[in-house]
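Throughout, read-outs are computed from the coordinates displayed, never taken from laboratory work. Quick caveat, the model's predicted, so the values are computed rather than measured. Every residue, glycine as well, gets a Cβ built from its backbone with ideal geometry; the counts of neighbours run over all protein chains shown.
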Amino acid sequence: MRRDDKKINSREEIDQIIKSTEVCRIAYADNNIPYITPVSFGYDEKHIYVHTAIRGRKIDFLMKNEYVCFEFEADVKTITDPVIACKWTAAFKSVIGYGNMKELATFEEKDYAINEIMKHYSGKTWAFEEKMLQNVKLWKIEILEMSGKQSGGE
């Protein structure tokens, strides 16, 4: 990170940013072609969980390269100046990280993942039957590294 004064060092604060976020963006790469998608997610402070369709561009990219970049942002607001355009800026908190995104295979793994996603949005766990999860793929991102950044708009 270029500016140490904007770095978030606390893992607890990084976790709180992730937990307060509604959307995770995941970037994939195939050779020299990038692809980014917004996804709903779950987070258990060790892994990020997402679901996808059975087929699609994300799947094509992941079959070639499981290494991904992810991003979360919170408390975003534009700071304006009525006179000087160059004083416009943004306040935000963000987390960016890297990991390996692996498809989950067993019903137990899938049930855990979908419930982490559902807990993130509903605050509770749900009962799933195996047949309910047949039309989706569930994934776990094994977090390799992540860092936080904040700007008050100075």
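Kindly evaluate Val136 against the criterion of being within 19 Å of Ile17 (Cα to Cα) and touching a residue at least 60 places away in the same chain (Cβ under 8 Å).
On the way: within 19 Å of Ile17 (Cα to Cα): no; touching a residue at least 60 places away in the same chain (Cβ under 8 Å): yes.
No: the conditions fail for Val136.
Counting only residues that are within 19 Å of Phe72 (Cβ to Cβ) and aliphatic (A, V, I, L, M), which one in the stretch 125-154 is surrounded by the fewest Cβ atoms within 10 Å (Cβ to Cβ)?
My answer is Leu144.
Within the stretch 9-30, is there a residue that is under 30 Å from Gly152 (Cβ atoms), surrounded by 13 or more Cβ atoms within 10 Å (Cβ to Cβ) and without any contact (Cβ under 8 Å) to a residue 12 or more places away in the chain? Break it down into steps so the answer makes sense when it comes.
Residues of the stretch 9-30 under 30 Å from Gly152 (Cβ atoms): 9-27.
Next, from what is left, pick out any that are surrounded by 13 or more Cβ atoms within 10 Å (Cβ to Cβ): 13-18, 21, 24-27.
From the residues that got through so far, the ones that are without any contact (Cβ under 8 Å) to a residue 12 or more places away in the chain too are 16.
Looking for residues that are under 30 Å from Gly152 (Cβ atoms), surrounded by 13 or more Cβ atoms within 10 Å (Cβ to Cβ) and without any contact (Cβ under 8 Å) to a residue 12 or more places away in the chain, one finds at least one in the stretch 9-30, hence yes.
Has the stretch 36-54 got at least one residue that is more than 14 Å from Trp139 (Cβ to Cβ) and not charged (D, E, K, R)?
yes
Just one of the numbered conditions (1) of a type outside the set (A, V, I, L, M, F, W, C); (2) closer than 17 Å to Pro38 by Cα; (3) touching a helix residue (DSSP H, G or I) at 6+ places or on another chain (Cβ under 7 Å) is not true of Glu130; which one?
Single failed check for Glu130: (2).
Going by the structure shown, is Glu108 farther than 14 Å from Glu142 by Cβ, within 17 Å of the chain's Cα centre (by Cα) and acidic (Asp, Glu)?
No; evaluated as a whole, the condition is false for this residue.
Just to be sure, is Lys93 under 19 Å from Asp15 (Cα atoms), charged (D, E, K, R) and touching a Gly at 6+ places or on another chain (Cβ under 9 Å)?
Details: under 19 Å from Asp15 (Cα atoms): yes; charged (D, E, K, R): yes; touching a Gly at 6+ places or on another chain (Cβ under 9 Å): yes.
Here the answer is yes, as Lys93 does meet what is asked.
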